[in-house]
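Every number in this text was worked out from the coordinates using simple rules, so none of it is lab data. This one's a predicted model, so the numbers in the text were calculated from it and none came from an experiment. Positions of Cβ are backbone-derived with ideal geometry, glycine not excepted, and every protein chain shown enters the neighbour counts.
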Amino acid sequence: MAERTKEELNQEWGELVEEHRLAMPGVQVLFAFLLILPFQNRFEQLTTNQEYVYFSALICATIAIVLLIAPTAAHRIRWRQSDKEALMVMATRFAIAATVFIALAMTASVFLITDVLFGEPATVIVCSVVALAFVVFWYAFPLYRRFKHP
């Protein structure tokens, strides 16, 4: 990998921060929704399977938030130690991992709501479409472009 200038690293860091600013509110709202859900009256009516799906969504949202905030903490700890290149690599990997957990949390949340409202056939169809959309738009298209236009 070619050595990048300080200006290039600062620009890349700024782009990464902007991307995080786009992702964080969505995952935070999902997390807040998941946090209050157990305190709703109908939560007691969930099946054991639905409770497991709910808990999986909560944990995935939590992990996504941890991964999205981790570069900020690392940046503060490593401040002015000429480590921005390593921070960029770490932050990029964490951001990609966070999108996986966001997709899982959102798919699990859609599963839970669809299952409560409409039951199994609709849940399978809707969650399959949602999961496929995440795979295609978040991963397949970008990877295709990356390998087709290196």
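Observations on the structure shown:
- Of all residues in the range 18-58 being polar (S, T, N, Q) and assigned to a helix (DSSP H, G or I), the one that is nearest to A108 (Cα to Cα): S56
- Where L37 falls short, out of the listed (1) under 17 Å from V100 (Cβ atoms); (2) in contact (Cβ under 8 Å) with a residue 12 or more places away in the chain; (3) aliphatic (A, V, I, L, M): (1)
- Checked against the criterion of being of a type in the set (D, E, K, R) and within 14 Å of the chain's Cα centre (by Cα), the candidates R42, R21 yield just one match: R21.
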